[in-house]
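Below is one structure; the comments refer to it alone.
Derivation of every value follows stated rules applied to the coordinates shown; laboratory data play no part. As the structure is a computational prediction, the values presented were derived from the model and not from experiment. We place every Cβ from the backbone using ideal geometry, glycine too, and count neighbours over all the protein chains shown.
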Amino acid sequence: MNYFGLPEKETKQNIESLNVLLANFQVYYQNLRGLHWNIRGKRFFDLHVKFEELYNNAQLRIDEIAERVLTLGGTPLHCFEDYMAHNKLKVGKNISQDESAVELIIDSLTKLLVLERDLLIKTGDINDEGTNSMMSDLITEQEKDIWMMKAFLG
């Protein structure tokens, strides 16, 4: 057991999964920055602001995930090479059309949910309430974001 009373082997595996989530969140964040910068069209003003809100929130989540890795005794991934090696998200390049941008967000959040639900199960199995609670909060937040993005698309 570690200093939190959690099994060391499973905690180490969860740290690795948190790092995969961290890497994917970094790609999601960068996609959002690109969407914010490159969005065009009649919905520019609404989406420009919304994408900024989303990337600011993603930046906070990145910090929380990295700090959880540190709390559990790991080292957070922190270079682009590592992020891309663990990335499962589509990289959005030169997306300026509103519906394509929103579809990328939905796709990214859907893939992040898969990683988070996996962690939710694993952390629940070892009673890692700190990580489990974080995953539960992320899932709730992102499900709402998906619902809102889908409502935007009609």
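Highest GNM mean-square fluctuation among 126, 39, 15, for the chain modelled with Cα contacts below 10 Å: 126. Positive contributions from Lys and Arg (+1) and negative ones from Asp and Glu (-1), summed over other residues with Cβ under 12 Å from the Cβ of residue 90, come out at +1. Straight-line reach from residue 42: taking Cα to Cα under 27 Å and skipping same-chain neighbours fewer than 8 places apart, the lysines in range are 50, 90, 93, 144, 150. Listed by chain and number, the lysines whose alpha-carbon sits under 25 Å from that of residue 9, ignoring those within fewer than 8 places in the same chain, are 88, 122. The alpha carbons of the stretch 8-153 stretch over 53, 30, 20 Å along the principal axes, in descending order.
Structure remark: mean-square fluctuation, Gaussian network model of the chain, C-alpha springs under 10 Å; the largest value among 34, 130, 92 belongs to 130.
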